[in-house]
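The values are calculated or read from the model by the stated rules, or taken from the named source; none is laboratory data. In this text, all values refer to a predicted model and were calculated from it rather than measured experimentally. With ligands, DNA and RNA removed, areas are computed over all heavy atoms of the protein, side chains included. Shrake-Rupley method; radii C 1.70, N 1.55, O 1.52, S 1.80 Å.
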Amino acid sequence: MAALACGLADVFRPAGPESVTIIYVGDTVLHRDSTVPFSVLVAAGGTTIDRPHLTMWSSDTSVFDLNTGRDSLTAKAGIGTATLMIRLQSSILTDSAPTLAQSIKVRP
């Protein structure tokens, strides 16, 4: 019983990829010509990853784009909806990198 409490069960768990969760934390409705900060949380197997290497882009930069620090969205003059794509870059998950597609609306 004590061996299980010490993590021995983890030793006998089958090897394989951990489930990865990517969470966008920020506004999903932006006002035209505004800049709004956001953050991204990434967890693997229930454990938060500190400073994950992320690739992010806008599906339509005429609606919104990311600032150079990649921590804020800048709404453009165009009104509409575009998708913020967030992909975790990992040497372990090269073919099936976890990706989040977050819909962002820009209004007047």
*asked:* On a full-extension model of 0.36 nm per residue, what is the gain between ARG107 and SER59, subtracting their alpha-carbon distance, rounded to one decimal in nm?
replied: 15.6 nm
*How much accessible surface does THR81 have with a 1.4 Å probe, in Å² rounded to 10?*
80
